[in-house]
Structure formats: C-alpha cells, structure tokens
1. Of all residues in region 56-81 being in contact with a Gly (Cβ under 8 Å, 6 or more places away or on another chain) and hydroxyl-bearing (Ser, Thr, Tyr), which is surrounded by the fewest Cβ atoms within 10 Å (Cβ to Cβ)?
2. Can you name the residue in region 43-55 that is over 14 Å from the mean Cα position of the chain (by Cα) and within 14 Å of Arg16 (Cβ to Cβ) and, of all such residues, is surrounded by the most Cβ atoms within 10 Å (Cβ to Cβ)?
3. Only residues that are out of contact with any Cys (no Cβ under 9 Å at 6 or more places or on another chain) and hydroxyl-bearing (Ser, Thr, Tyr): list them for region 30-65, please.
4. Take the residues in region 115-144 that are touching a residue at least 12 places away in the same chain (Cβ under 8 Å) and among the charged types (D, E, K, R); name whichever of them is nearest to Gly105 (Cα to Cα).
5. Look at region 1-51 and say how many of its residues are outside any strand (DSSP E or B), touching a residue at least 24 places away in the same chain (Cβ under 8 Å) and among the hydroxyl-bearing types (Ser, Thr, Tyr).
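Each reported figure results from applying straightforward, stated rules to the coordinates on display, with no laboratory input. Source: prediction; values computed, not measured. Here the Cβ is made from the backbone with ideal geometry for all residues, glycine too, and neighbour counts use every protein chain on show.
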Amino acid sequence: MTKPKVLFVCTHNSARSQMAEAYLKHLVGDRMEVSSAGFQPAPLNPLAVEVMAEEGLDISGNTSQSVFKLFQEGRLFDYVITVCEDSREASCPIFPGVTRRLHWGFPDPAAVTGDHQAQLMQVRQIRDQIKHKVRLWSEEILSA
C-alpha cells in the first residue's frame, strides 16, 4: 500500500501551512508523505516559529515553496488541504490526480496585532486550532 500524499496550501507558506505540515508529520510519522506550499511564498513567520517551538516542533529551518511550482512539476497528491482564509481557497490550482481537496479556514497569523505577547497569544490560538483539526483528520484517515 502506498503512503497517502498530503499537501497543505496557504497564501505565503510562512505560518499556517507550515504548522499543519509539522503537526501532521509529528502525528503520523512515516505513514504519510506531507508537504506544504504557498501562492506567494514568503519567509517563515517568526511568531509561528516561536509558538511551534513551544510545542517541541522546530520549523525554523523550513523554507517556503510555491504551490504553482509543484503543480508545474506534475506532483501528485491524494489530499490538497487549503488552510488560508476562505477568499483565497478558490485560487488553489487543481492538481492532476487529486482524490480529495479539503478547505480548513484559519485566521492569518500575519494579521495579528498588539505587542509581542498579544501577538503570541493570538498565534497560539491559531496554532491550537490547526493542531486540533490535524489531529482529528489524521485519526479519521488512518482508521479508515
């Protein structure tokens, strides 16, 4: 049996998709192939790096990649999961061979406001929402 291939897609591949990728890799180990990419790749969000480190997950060495590059390379995925706000979900290209496309809308960590502690608190909430959704979904997929 081949491992399911999962791609998390977000606007910049700098926070939400990186967090989802890290959690799924942590939860499923080598039972799935997991990647992430963005529409407009940008450097990692330092707040995302910080809140993931609190969970013992180091994403500081990750790099952002373009979803369109993966599409052009003809990469095949069993699941493409968009984690950006609802208005961006429709921009995701249709990958050849995709069997399931899902959308999990989460707030953008780049849009948080306030001082550093207030921003951290907001990004922790986003992180925890992502963690919860990834955990539920991975349990569902692996038990099927």
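1. Among residues in region 56-81 that are in contact with a Gly (Cβ under 8 Å, 6 or more places away or on another chain) and hydroxyl-bearing (Ser, Thr, Tyr), the one surrounded by the fewest Cβ atoms within 10 Å (Cβ to Cβ) is Ser66.
2. Within region 43-55, the first condition is being over 14 Å from the mean Cα position of the chain (by Cα), and the residues that meet it are 43, 46-47, 50-51, 53-55.
Next, only the ones that are within 14 Å of Arg16 (Cβ to Cβ) stay: 47, 51.
Values: Leu47: 21, Val51: 25.
The qualifying residue surrounded by the most Cβ atoms within 10 Å (Cβ to Cβ) is Val51.
3. Of all residues in region 30-65, those out of contact with any Cys (no Cβ under 9 Å at 6 or more places or on another chain) come to 30-35, 40-65.
The answer is Ser35, Ser60, Thr63, Ser64.
4. My answer is Lys133.
5. Going through region 1-51 one residue at a time, the tally reaches 4.
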